Amino acid sequence: MELIDGKATAAKIKEEIRAEVDEIVAKGGKQPHLAAILVGHDGGSETYVRNKVVACGVCGFKSTLVRFEEDVTEEELLRKIGELNTDTDVDGFIVQLPLPRHISEQRVIEAIDYRKDVDGFHPVNVGRMAIGLPAFISATPLGILTLLRRYGVETKGKKCVILGRSNIVGKPMAQLMMQKQWGNSTVTVCHSQSPTLREECQRADIIIAAIGQPEFLRADMVKPGCVVIDVGTTRVPDPSRKTGYRLTGDVKFDEVAPLCSFITPVPGGVGPMTICMLMLNTLAAGKREYYK
Ligand code: GUN
């Protein structure tokens, strides 16, 4: 069994990004600039956004954090998005999700100029990605594909089962794993209503677990030699920890790991790669790699 080290891989890629940014700036080019909008004070979102700002520093990017209180109106938020859309110094920006219930996430996502949508959530990017055109690709699936490539995991012709059908992970992951230029795998998507989920997993060469249920994938659901990617990040209460919780994946790691050829841990697997891919998308935005 080989452990896929997302933390080390992300650190290496951020160094590569930094080297490229230094070169761009040395040649008189523009420093990439990422802006993030954070609404309210959700603990998870605060942490993610803080980590994104720190990563910008590591990569040599400029970053701007825009904060709103929980009671911000949708109109105010959309106005700020309009400003960032036209701000020529900002190459890319994100609106951290989830948003308060009185704000439509879909309206917010669609208000972002797709050329600055480094999260890859805008329907233009989702659609272009789905038909194999250059586009910003959602960071978590892109991070998983990058890990598979960097660890030399063969995906071509393999049977890949994806657990979960979210817009952010499951759906784009399925699109990319099936595409010739990415996974080139045979893909099955299972979710909470799939009666044959267990049997599908037992036949899979690669399982990508993004179902959001701690320790959902057990040893008796996995074929020996399987590659297991754990996208779960549930905060499970743990009074023995200083934070009061521990991050728990969708895979019962101790049980499943001995069966695997490759597996990602939680934490330190997919998580660090997600922020790293946001940085890569921001670099691409700064270089106008996909859109003029
Ligand atoms: N919330 C959870 N994951 C993400 C992400 O990748 N981007 C944004 N904007 N919000 C998130």
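The values are calculated or read from the model by the stated rules, or taken from the named source; none is laboratory data. Computed from a predicted structure; not experimentally measured. Note: ideal-geometry Cβ built from the backbone for every residue, glycine included; neighbour counts use all protein chains shown. To get the accessible areas, we keep the full protein, side chains included, count just its heavy atoms, and leave off ligands, DNA and RNA. Shrake-Rupley method; radii C 1.70, N 1.55, O 1.52, S 1.80 Å.
Taken together, E20, E15 contain a single residue that is within 23 Å of the chain's Cα centre (by Cα), part of a helix (DSSP H, G or I) and in contact (Cβ under 8 Å) with a residue 24 or more places away in the chain, which is E20. Cβ separations smaller than 7 Å between residues 6+ apart or across chains give no pair from the range 84-97 residues that are under 11 Å from F121 (Cβ atoms) to residues that are among the polar types (S, T, N, Q) and crowded, with 24+ Cβ neighbours inside 10 Å.
Residue-level check: of (1) within 16 Å of the ligand (Cβ to nearest atom); (2) open to solvent by less than 70 Å² (accessible area, probe 1.4 Å); (3) assigned to a helix (DSSP H, G or I), E110 misses just (2). The residue pairs whose first member lies in the range 149-175 and is more than 15 Å from N125 (Cα to Cα) and open to solvent by 20 Å² or more (accessible area, probe 1.4 Å), whose second member is outside any helix (DSSP H, G or I) and among the acidic types (D, E), and whose beta carbons are closer than 8 Å, counting only pairs six or more residues apart or on different chains, are Y151/E2; K158/D205; K159/D205. Going by the conditions given, is R50 among the charged types (D, E, K, R) and closer than 22 Å to T9 by Cβ? Here the answer is yes, as R50 does meet what is asked. Can you tell me which residue in the range 1-12 is farthest from V228 (Cα to Cα), limited to those that are assigned to a helix (DSSP H, G or I) and among the aliphatic types (A, V, I, L, M)? Selected residue: A11.
Remark: M178 matches the filter, which requires a residue to be open to solvent by 10 Å² or more (accessible area, probe 1.4 Å) and among the aliphatic types (A, V, I, L, M).
Checking each residue in the range 129-148 for being out of contact with any Ser or Thr (no Cβ under 7 Å at 6 or more places or on another chain) and touching a residue at least 60 places away in the same chain (Cβ under 8 Å) picks out P134, A135, F136, I137, L142, I144, T146. Checking each residue in the range 243-269 for being open to solvent by less than 10 Å² (accessible area, probe 1.4 Å) and in a helix (DSSP H, G or I) picks out V256, A257. Considered as a group, the residues in the range 113-142 that are within 10 Å of the ligand (Cβ to nearest atom) and out of contact with any Phe, Trp or Tyr (no Cβ under 8 Å at 6 or more places or on another chain) include one that is most open to solvent (accessible area, probe 1.4 Å), and that residue is F121.
How about the range 31-105: which strands (runs of 3 or more DSSP E) wholly inside it have at least 2 residues that are open to solvent by 50 Å² or more (accessible area, probe 1.4 Å)?
Working: elements: 33-39, 62-68, 92-95.
Qualifying strands (runs of 3 or more DSSP E): 62-68.
When you check A10 against the structure, is it open to solvent by less than 30 Å² (accessible area, probe 1.4 Å), within 12 Å of the ligand (Cβ to nearest atom) and of a type outside the set (F, W, Y), yes or no?
Judged against the criteria, A10 is not a match.
Of everything in the range 170-202 that is under 16 Å from V251 (Cα atoms) and not in a helix (DSSP H, G or I), the residue that is farthest from the chain's Cα centre (by Cα) is S192.
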